[in-house]
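K.L.:
First the structure, which I've put down as structure tokens, then a few questions once you've had a look.
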Amino acid sequence: MREFTDEEWAIADARKDKILEKWFGPCAPICQHAVINYEMGGPLDAHFYPRSRYGGTLVVSKDLVDPKFSSPKNKTFNAFELAMATRRPLPPAYFKNGTDVEKESDPEFEKFVERAIAAMTTIGRYVQYQCPINRFETLEFPQDYDEPELAGRCFVFDAVGTPKKSGFSLGRALKGLFGNPETPPAPQGGSVDVDDVGFGILIMIEVFRDEMNRAREEGVEGFLQRMKQAGRWPFSDLDRPQI
């Protein structure tokens, strides 16, 4: 892998922050930084977007995309980060710098964040080893998986962002197979400036095992449409009736 300078990383991170803020609103001032950083084998940092049009809280990674916005990639994007969403609001402690979040936060929210970080870190390492995961695919962790937070859990994948530009045959094929990912709304007074880099967010949505099995049989795209119609997309909360 090519090494990038600190300046290149800083420029890319600022660019990514600008895009994500236009899509999802401001990021909370407090994030969860790993003690051991991701490049050294630790978990992903978790960044929180509490004001997106989807409601709840979006937990987003920012450690995967390289400064050239060329990796990790899949059929939809030249480069993507990962996200999971919960209906739970971001606890007030995350809006106050200097707060002891661990003491003042919502325990159920923290359990969700722990699970989201574990899931996104596992998938992040998978896709960075040139094993792409695409929109409308599914994933299940075995019951005996060695991370208790993930054992037996099931996910489907959707996408938000700007698709990469493709050659005419591939582009038509992708449009027929996958459609376009949800495009975030433009901010008032202008369009979303992504410089046509084909950057996006791959959203991991936790579902019940029976739901995942039905989605595989009937088609994940249709299942996700039913989630949207029921007002349950893109959330990973399982304290709900099954679809």
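K.L.:
Can you find, within segment 36-57, the residue that is farthest from Gly124 (Cα to Cα) among those that are free of Cβ contacts under 8 Å to residues at least 40 places away in the same chain and not in a loop (DSSP other than H, G, I, E, B)?
P.N.:
Once the filter is applied, the top-ranked residue is Tyr49.
K.L.:
Being under 22 Å from Pro43 (Cβ atoms) and assigned to a loop (DSSP other than H, G, I, E, B) is the filter here, so list the residues in segment 59-72 that pass it.
P.N.:
Ser61, Lys62, Asp63, Leu64, Val65, Asp66, Pro67, Ser71, Pro72
K.L.:
Still on this structure, I have one more. Does Ile11 count as of a type in the set (A, V, I, L, M, F, W, C) and touching a residue at least 60 places away in the same chain (Cβ under 8 Å)?
P.N.:
So Ile11 does not fit the description; no.
K.L.:
Assess whether Thr86 counts as being in contact (Cβ under 8 Å) with a residue 60 or more places away in the chain, hydroxyl-bearing (Ser, Thr, Tyr) and touching an Asp or Glu at 6+ places or on another chain (Cβ under 6 Å).
P.N.:
Numbers: in contact (Cβ under 8 Å) with a residue 60 or more places away in the chain: yes; hydroxyl-bearing (Ser, Thr, Tyr): yes; touching an Asp or Glu at 6+ places or on another chain (Cβ under 6 Å): yes.
Yes, satisfied.
K.L.:
Here are Asn78, Asn97: which of them is touching a residue at least 24 places away in the same chain (Cβ under 8 Å), surrounded by 20 or more Cβ atoms within 10 Å (Cβ to Cβ) and among the polar types (S, T, N, Q)?
P.N.:
Of the residues listed, the single one that is touching a residue at least 24 places away in the same chain (Cβ under 8 Å), surrounded by 20 or more Cβ atoms within 10 Å (Cβ to Cβ) and among the polar types (S, T, N, Q) is Asn78.
K.L.:
So, in segment 140-165, of the ones that are surrounded by fewer than 18 Cβ atoms within 10 Å (Cβ to Cβ) and in contact (Cβ under 8 Å) with a residue 40 or more places away in the chain, which residue ends up farthest from the chain's Cα centre (by Cα)?
P.N.:
By that ranking, first place goes to Gly152.
K.L.:
Arg15 is checked against (1) modelled with pLDDT of 90 or more; (2) touching a strand residue (DSSP E or B) at 6+ places or on another chain (Cβ under 8 Å); (3) within 23 Å of Gln128 (Cβ to Cβ); (4) of a type outside the set (Val, Ile, Thr) and fails just one. What number does that condition carry?
P.N.:
It is condition (2) that Arg15 fails.
K.L.:
Follow-up question, since we're still on this one. Among the listed residues Leu170, Leu150, identify the single one that is out of contact with any strand residue (DSSP E or B) (no Cβ under 8 Å at 6 or more places or on another chain) and at pLDDT below 55.
P.N.:
None of the other options fit; the residue is Leu170.
K.L.:
Scan segment 48-85 residue by residue and report those that are β-branched (Val, Ile, Thr) and closer than 20 Å to Glu21 by Cβ.
P.N.:
Correct list: Thr57, Val59, Val60, Val65.
The values are calculated or read from the model by the stated rules, or taken from the named source; none is laboratory data. A quick note: this is a predicted structure, and the numbers were derived from the prediction, not measured. Methodologically, a virtual Cβ is constructed for each residue, glycine included, from the backbone with ideal geometry; neighbour enumeration extends over all protein chains shown.
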